[in-house]
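To start, the structure itself, in structure tokens.
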Amino acid sequence: MDIPTPAAGRILDVDLTAGTIATLPTSRYAEGVIGGSGIAIRAMLERIPAGTRPLDPANLMVFSAGLLVGTPAPAACRTHVAAMNALTGGYGAASAAGFFAPELKYAGFDNILVSGRAEHLSYLWIEDGRAEVRDGRFLAGLTTGETEDAIHAAHGDPSIQILSIGPAGEALAAAATIIVSRFRSASRCGLGAVMGSKNLKAIAVRGSGAIRVAQPDSFTRLCGRLAGRLDGSTTVKMLRRFGTPASFLQWNKMGNLPGRNYQDTTLAPGVAERFTPAQLHREALVRSFACFSCPIRCTQATHLTDGKYAGTRGEKLECQAFWDFGAKLGADNVAAVVKSSALCGELGLDMNNASGAIAWAMECWQRGILTEKDTGGLDLSWGNEEAIVTLLHQIARGTGLGALLKDGARAAAARLGRGSEAFVMHVKGQDLAEEFRGLVGWALGIMVSERGGAHTTGAPLAERYSISAERSRELFGVDSAADPMAYEGKAELVVYYQRFHAVLEALGSCFFASNWLGADLLGPEDYLALANLACGADMSREEFLAAGERIHTLQKLFNLRHTAHARADDLPPARMFEVPESSRGYRIGLDRASWERLLDRYYDLHGWDRETTAPSASALSALGLDAYCGPASGHREPAAAPA
Amino acid sequence: MGMIRIDTTICAACRICELGCSFHHLGAFAPRRSSIVIRKLAARAEVAAEVLEAAADGRPACDGCPDRRAPVCAEWCPTGAISVTRQAEEA
Ligand code: SF4
Ligand code: SF4
Ligand code: SF4
């Protein structure tokens, strides 16, 4: 008899053009990549033909539940979504916590592959080993919350788990996201637009099956011990009370916020007091929830009861919302940030990309490049909350100025011209979402991310949780986490987290339980122990992290095949090498020559070419990826790379 | 037979109790086959909870975990939302 593993064992394969649904064994793509997101990139490499564009029917979307999802492993709940990126044309992926992925596993599937385009708006209904594409025209134009309510009503069951797009995805805005479990966003990479291009409004699932592990008693005991460790952590205590927004003012203190489209790195004088955790609690927070199987419960439910936004409800308020709306757009109060964040969720907008485009427009306004004639009378002064709310609606529906902004700042500037290109802050075509001039490793992790920026694919937070050089060496093998502005040892730190993040993603585990967020949280060895007990395996730490390197390398190969990305695309926007007047006195500022040396070191660690960034044949071979050598498989030899 | 009570104002809706309960019954993880039903009412920021006294919809009745030191649901719950009153056999 086979040893049970926590994989459901099957992949659902849906072609919306042909209207066919098949199943494949998970083992078809799982070898050497753990599961979840690892399976996604293997399927994408095999099935997305060269020359495909993001909104073509040929683009493949992969929805994944990682290996540990469905078990009591702490916080193993994430739904991973991957497809060709609507903003960069390369690798695109995002994940969201919540309840969808475990339900998918209980319904019998580890992944869903979706290709083609349905004839009209549809949704996919999955229940216990079966699936069908259903007419979704009754969902047209609905917000994500309304979509969930309508599907629950149609099936007469509010316990069905759903992911959906809002008006933004239907309008094919590259700023569109996918909302999971009503309030959680699979942000970045325009995945909502890709889903919209397939006429797929939602996926709904109900599963009553069981997930098994190889050594149930030892496994559940370990889960209990790890939950106990999380319970004792001071990082977790903060998360429970305030969620990630608790750190907003710490970023401000470091001078590391994206103020007014990265023109300032701190809040304006007097503004910080309005964002204290106590103020946040008073104005907006109701209670904290957990995602499936998570002992951390960082998810803050929000409810504005006073003022002009009274009645606004949301959940999963993140620090990122304060960066995006508070700092980047200059909204100077909690209510405006909470409202904007909740509105993005309803409209199915990625707040990072939407705020990036608005920030560019506001800077154009500041410089007289955009005027009332262009904005239909809207005043785009920094911090104008009415304008922000109006623009979010317009971007989601492609109306008014939203028609210009909906595909991000780079596309908007290319259309507008007038010198506005100079104010686009982007990574490989996707709007930059973080300030990083005060944290060298953080900056590197964001700039070299295969998904086009964002901080969940290798960017270390360790530089800001102030640890000693000794502790840094113990955890990461280098001292560098102790000094945010050191360059030495930062490539190593980023590679450590690229591998660790890739593994966590393949397991379906929320990063918030890991040492990414705090030195006292779980490390690779803890997840390795979980995986080994769950699968009855005896993987070594080296093999485990090599799987992370393998997954990352496959994502790199996808970019080499479908984009012209090379070294120059790993260079921060010019503004990030300047230090604004208002930020003198803070320890920030990147140096161009040091950055170039850092990149060399980074490519060398992976065994990638310093100019084209292509993996060498020996680097591929060491990971057992020889089959991907050669131009037909996306691997470009340095000489064949474009100038 | 024990009495399981869930304080829905403390409950975080993590459904770890459902995992534990199904593990007690099946030795596997199947929240929809547990005797405990946690429903998050997300739009209202509330939780509804129920412990089944009779089998229904493929779910077994709560047996109070007689073979265990403590009910698994309460032992695994990370918030302390589950309280147990264990009555003497003859009561
Ligand atoms: S840490 Fe927060 S986001 Fe992650 S699974 Fe737990 S509650 Fe959800
Ligand atoms: S006491 Fe045992 S059987 Fe009853 S709900 Fe709790 S875990 Fe399930
Ligand atoms: S384990 Fe506790 S906190 Fe989690 S859902 Fe059950 S009762 Fe609520």
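The values are calculated or read from the model by the stated rules, or taken from the named source; none is laboratory data. Since we're looking at a predicted model, the values are computed, not measured. Note: ideal-geometry Cβ built from the backbone for every residue, glycine included; neighbour counts use all protein chains shown. The area values use the complete protein model at the heavy-atom level, side chains included, leaving out ligands, DNA and RNA. Shrake-Rupley method; radii C 1.70, N 1.55, O 1.52, S 1.80 Å.
Please go through the range A:482-502 and pick out each residue that is of a type in the set (D, E, K, R) and more than 12 Å from residue A:552 (Cα to Cα). Talk me through it step by step, then tell me what you get.
Narrowing the range A:482-502 to residues of a type in the set (D, E, K, R): A:483, A:488, A:490, A:492, A:499.
Answer for the range A:482-502, where residues must be of a type in the set (D, E, K, R) and more than 12 Å from residue A:552 (Cα to Cα): A:483, A:488, A:490, A:492.
Do you know which residues across the range A:286-312 are touching a strand residue (DSSP E or B) at 6+ places or on another chain (Cβ under 9 Å), open to solvent by less than 40 Å² (accessible area, probe 1.4 Å) and more than 14 Å from ligand 1 (Cβ to nearest atom)?
A:302, A:304, A:312
If you take the residues in the range A:123-168 that are aliphatic (A, V, I, L, M) and in a loop (DSSP other than H, G, I, E, B), which one is surrounded by the most Cβ atoms within 10 Å (Cβ to Cβ)? Can you show your working first?
Step one: of the range A:123-168, the residues aliphatic (A, V, I, L, M) are A:124, A:126, A:131, A:133, A:139-140, A:142, A:150-151, A:153-154, A:160, A:162-163, A:165, A:168.
Subsequent filtering for residues that are in a loop (DSSP other than H, G, I, E, B) retains A:140, A:142, A:160, A:165.
Values: A:140: 12, A:142: 23, A:160: 19, A:165: 30.
That would be A:165.
Cβ contacts < 7 Å: first residue away from chain A (no Cβ under 13 Å), restricted to the range B:41-59; second residue loosely packed, with under 14 Cβ neighbours inside 10 Å and assigned to a loop (DSSP other than H, G, I, E, B), any location; separation 6+ or different chain. Result?
B:52/B:61; B:53/B:61; B:54/B:61; B:55/B:61
Residues checked against (1) assigned to a loop (DSSP other than H, G, I, E, B); (2) not small (Gly, Ala, Ser):
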| site | (1), (2) |
| --- | --- |
| A:270 | yes, no |
| A:293 | yes, no |
| A:322 | no, yes |
| A:327 | no, no |
| A:335 | no, no |
| A:344 | no, yes |
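Kindly provide the set of residues from the range A:142-158 that are among the small types (Gly, Ala, Ser) and more than 25 Å from the chain's Cα centre (by Cα), ordered by number. Spell out the reasoning first.
Of all residues in the range A:142-158, those among the small types (Gly, Ala, Ser) come to A:145, A:150, A:153-154, A:156.
Result: A:150, A:153, A:154, A:156.
Just for the range B:10-35: of the residues that are in contact (Cβ under 8 Å) with a residue 24 or more places away in the chain and farther than 22 Å from residue A:160 by Cβ, which one is least open to solvent (accessible area, probe 1.4 Å)?
The qualifying residue least open to solvent (accessible area, probe 1.4 Å) is B:20.
Kindly check whether there is at least one residue in the range A:34-46 that is acidic (Asp, Glu) and either part of a loop (DSSP other than H, G, I, E, B) or open to solvent by 10 Å² or more (accessible area, probe 1.4 Å) (or both). Break it down stepwise before answering.
Filtering the range A:34-46 down to residues acidic (Asp, Glu) leaves A:46.
Next, only the ones that are either part of a loop (DSSP other than H, G, I, E, B) or open to solvent by 10 Å² or more (accessible area, probe 1.4 Å) (or both) stay: A:46.
Scanning the range A:34-46 turns up at least one residue that is acidic (Asp, Glu) and either part of a loop (DSSP other than H, G, I, E, B) or open to solvent by 10 Å² or more (accessible area, probe 1.4 Å) (or both).
In chain B, which strands (runs of 3 or more DSSP E) lie fully inside it and hold 1 or more residues that are within 16 Å of ligand 1 (Cβ to nearest atom)? Step through it out loud before you land on a result.
Working: elements: B:2-6, B:36-41, B:46-51, B:82-86.
Hits in chain B: B:36-41, B:46-51.
With the requirement that a residue be of a type outside the set (S, T, N, Q) and open to solvent by less than 40 Å² (accessible area, probe 1.4 Å), what does the range A:530-542 give you? Show your work before the answer.
Filtering the range A:530-542 for residues of a type outside the set (S, T, N, Q) gives A:530-531, A:533-539, A:541-542.
Selection gives A:530, A:531, A:533, A:534, A:535, A:536.
How many residues are free of Cβ contacts under 8 Å to residues at least 24 places away in the same chain, of a type in the set (S, T, N, Q) and in a helix (DSSP H, G or I) when one looks only at the range A:488-543?
1
Restricting to the range A:207-230, name every residue that is within 9 Å of chain B (Cβ to nearest Cβ) and aliphatic (A, V, I, L, M).
Selection gives A:210, A:211, A:213, A:227, A:230.
Name the residues in the range B:60-87 that are among the hydroxyl-bearing types (Ser, Thr, Tyr) and within 14 Å of another protein chain (Cβ to nearest Cβ), would you? Walk me through how you get there before you give the answer.
To start, the set of residues in the range B:60-87 that are among the hydroxyl-bearing types (Ser, Thr, Tyr) comprises B:79, B:83, B:85.
Scanning the range B:60-87 gives a single hit, B:79.
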